[in-house]
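Visitor: I am attaching a structure below and will ask some questions about it afterwards.
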Ligand SMILES: [Mn+2]
């Protein structure tokens, strides 16, 4: 059957590994990647490998972000090759040929015909043709863009291809290898309308799941019950799954930034920190809320929460075109530092606390990261001149201040073991910004009301 996947839209047939409506979107991205490159420059991008979990079981397949960004395909074992030409960019996709036995067990494969039908590539060939076909392209290539950080069988093949012939006597001479991730990261930094739609969808699903989990909060609840609620909610709403392992930390476990055991009972009076997000239409969301499992903040919990929330609001105000992530961070730090002084945790002037980094034992991470196909979207934070990137419409970042009173820091007894983080996903717009995850309450009264609901 030769159904054009391009007619089926976003909710299209994942089983044959094709997503997205328009061929033009993918062709534009392919061409944009090499737009500033010298003629004959080649980019090679492998699909993610299938990862063995144990014996003959495998981890859920997750497509490589760069490959997905350029093709919209979830099919494993493919290779995309792009070449800069005088008139634009030429593309070739290499796909595993259809295999009746494999399809009997695992379902339909994309195959050469299926890939051609997407109209996203100039040439589509079976994988075995990659080497001879690319030899010709690579001979003339002055530069090859590769994922320099990847080490697996598929990327090893690409390394070998790229290095082959790159000697003084091959006729082509030595060539340069460049970071595909860097070049693509620059492109991925500003999201197009289609990506913003996907990020908003992902944010809406994660926000709804987060509210469900907050409603489940009650003394004696186990962290894994809240995690299960999140995961079930993501899948029920049609997301692919979590964008990363959810962090559900009750009590002092909230002070571990990437706590993942999620297996303890949460006792009356404790706070619980949930940092979780899903992947939907390929795009990530990332939300953190910290709430009282009993439904009411204690006075010290409330004092710290109020400070973190104020820091987040100050950081939101800095989220607008022309600002930098550093400015967003400093806006949060100023409020947190003043709060630590006012609450008697730190002594000294605001300037001393900030300049001397005295706040760092309590706030040891950055306020923001890019978010997109990856939860920590790997886009550069500096431009080619080394200057901090200025925020522009279409960029999407998290804003996630926190305060942590782990066992290793000095603090008034009332604060010991408290960890608080509040995190939202923010889209920069021409006017300023939009909070994509605002459907999860963060104001104290609204949080208390939500987690008291049964
Ligand atoms: Mn985050």
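Rule-based calculations on the coordinates, nothing more; no lab input. Source: prediction; values computed, not measured. So basically every Cβ, Gly included, is an ideal-geometry build from the backbone, and we count neighbours across all protein chains shown.
Visitor: Restricting the count to DSSP beta bridges whose residues both fall in the stretch 5-187, what percent are antiparallel, rounded to a multiple of 5? Each step should come with its number before you reach the end.
Guide: Details: 14 of 24 bridges.
Once the DSSP bridges in the stretch 5-187 are tallied, antiparallel ones form about 60 percent.
Visitor: In terms of the Cα gyration tensor, with a ≥ b ≥ c the square roots of its eigenvalues, is the stretch 263-397 rounded because a/c is under 1.5, prolate because a/b exceeds b/c, or oblate?
Guide: On the way: a/c = 2.42, a/b = 1.20, b/c = 2.02.
Taking the square roots of the gyration eigenvalues as a ≥ b ≥ c, the stretch 263-397 is oblate.
Visitor: Report, largest value first, the span of the C-alpha coordinates of the stretch 193-452 along each principal axis, in whole Å.
Guide: The principal-axis extents, from largest down, are 49, 46, 29 Å.
Visitor: Enumerate the residues in the stretch 108-148 having an amide nitrogen under 18 Å from the point lying 7 Å beyond the Cα of residue 174 toward its Cβ.
Guide: From the stretch 108-148, the list is 139-145.
Visitor: Now, a different point. To check you understand DSSP bridge types, tell me what percent of the beta bridges within the chain (both residues inside) are antiparallel, rounded to 5. Mind showing how you got there, number by number?
Guide: On the way: 43 of 53 bridges.
Beta bridges within the chain, antiparallel portion: roughly 80 percent.
Visitor: Go from 0 up to the bin containing the longest alpha carbon distance in the stretch 335-393, width 5 Å each, and give me the % of pairs per bin.
Guide: Spelled out per bin, shortest first, that is 4, 15, 19, 14, 12, 15, 13, 7, 1.
Visitor: At a threshold of 8 angstrom on Cα-Cα distance, excluding pairs fewer than six apart, so keeping six or more, what relative contact order does the stretch 193-452 reach in percent?
Guide: That works out to 24 percent.
Visitor: Can I ask one more? Quick one: what Rg and Dmax do you get for the chain from the alpha carbons, in Å?
Guide: Over the chain's Cα set, Rg and Dmax evaluate to 24.4, 75 Å.
Visitor: How much length would be gained if the chain were fully extended between residue 232 and residue 349, taking 0.36 nm per residue of separation minus their Cα-Cα distance, in nm to one decimal? Mind dumping the intermediate values first?
Guide: Working: separation 117, 0.36 × 117 = 42.12 nm, distance 4.79 nm.
Separation in residues times 0.36 nm, less the Cα-Cα distance, equals 37.3 nm.
Visitor: Ignoring everything except DSSP H segments at least 4 long, calculate the 222 nm mean residue ellipticity for the chain; use -39,500 (n - 2.57) per segment, divide by total residues, nearest 500.
Guide: Numbers: 13 runs with 153 residues, N = 454.
Dividing the helical sum by the residues of the chain leaves -10500 deg cm²/dmol.
Visitor: At what distance in angstrom do the alpha carbon centres of the stretch 222-272 and the stretch 421-454 lie from each other?
Guide: With the stretch 222-272 and the stretch 421-454 each reduced to a Cα centre, they are spaced 18 Å.
Visitor: Test of understanding: what is the full-extension gain from residue 260 to residue 381, defined as 0.36 nm times their sequence separation minus their Cα-Cα distance?
Guide: Numbers: separation 121, 0.36 × 121 = 43.56 nm, distance 2.75 nm.
Between residue 260 and residue 381, full extension yields an extra 40.8 nm.
Visitor: Once you order the gyration tensor axes a ≥ b ≥ c over the Cα atoms, which shape class does the stretch 331-454 get: rounded for a/c under 1.5, otherwise prolate or oblate by comparing a/b with b/c?
Guide: Working: a/c = 2.18, a/b = 1.25, b/c = 1.75.
It comes out oblate by the Cα gyration axes.
Visitor: Could you tell me which of rounded, prolate or oblate describes the stretch 403-454, using a ≥ b ≥ c as the square roots of the eigenvalues of the alpha-carbon gyration tensor, with rounded for a/c under 1.5 and, failing that, prolate when a/b is larger than b/c and oblate otherwise? Write out the running numbers ahead of the final one.
Guide: Working: a/c = 3.80, a/b = 1.57, b/c = 2.43.
It is oblate, given that a/c is not under 1.5 and a/b is not larger than b/c.
Visitor: Only Cα pairs under 8 Å and at least 6 apart count here; give the relative contact order of the chain as a rounded whole percent. The partial results should precede the final answer.
Guide: Values: 958 pairs, mean separation 60.3, N = 454.
Answer for the chain is 13 percent.
Visitor: Put a dot 7 Å past each Cα toward the Cβ at residue 439 and residue 153; how far apart are the dots in nm?
Guide: So the two model labels end up 4.1 nm from each other.
Visitor: Peptides 61-70, 25-34: what's the order by average Cβ count within 10 Å, highest mean first?
Guide: On the way: 61-70: 21.0, 25-34: 19.1.
Final packing ranking: 61-70, 25-34.
Visitor: Over the Cα atoms of the stretch 5-187, Rg to Rh with Kirkwood Rh, two decimal places?
Guide: On the way: Rg = 16.3 Å, Rh = 16.9 Å.
Expressed as Rg/Rh, it is 0.97.
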